[in-house]
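A quick write-up on the structure given underneath.
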Amino acid sequence: TIFKQFEILYGRGFSEEQRADYRKYVWANIVEAIQLLCSAVASSGEHQAFTETPSFQQIISLDSTAASKRCTPELAASISRLWQEGPVQQAWSHRNRLQVAESAGHFLAKVDEVAEESYVPTIEDLLLSRVRTTGI
């Protein structure tokens with residue numbers, strides 16, 4: 001994040017093309033967060049009927065690597081439905097124990113926008129997105 005901030009403040013910033021490249025990271029953040037939240041709901045042992053819904057089952061059974069690369073409107077709709085449900089919101093309230101990034105709420109709230117073909121991440125989205133790095 002600090003390197004992104006330096007680029008914005010002291011460099012040339014990010015072009016639209018560079019911001020568009022971050023779309024995959026934003027989507028990966030969304031998939032990772034909703035899977036963590038759904039796993040927490042499932043492991044709680046509560047909300048049995050909720051864990052049997054098609055949307056829940058779709059998210060739990062996702063291959064996170066493949067899903068993070070393909071953003072479909074159907075998947076976005078499932079994520080949006082789940083994000084609005086009580087059990088997921090209850091898990092969200094314990095996000096610090098689940099190691100769910102605080103910025104996930106920003107992205108989950110706009111999952112339908114992110115799923116649109118024309119979506120280009122904003123500067124705020126770039127700063128909030130979590131990009132895994134290896135090495136220094």
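FYI, it's all coordinate maths here, none of it is from the lab. Owing to the predicted nature of the structure, the values given are computational and were not obtained by experimental measurement.
Evaluate the relative contact order of the stretch 25-136 (contact order divided by residue number), counting alpha-carbon pairs under 8 angstrom at least 6 apart; express in whole percent.
Relative contact order for the stretch 25-136 comes out at 39 percent.
Could you run the Karplus curve 6.51 cos²θ - 1.76 cosθ + 1.60 with θ = phi - 60° over the stretch 79-95 and give me ³J(HN,Hα) per residue in whole Hz, x for Gly and Pro?
3J(HN,Hα) across the stretch 79-95, in whole Hz: 5, 4, 4, 5, 4, 8, 7, x, x, 6, 5, 5, 4, 4, 5, 10, 4.
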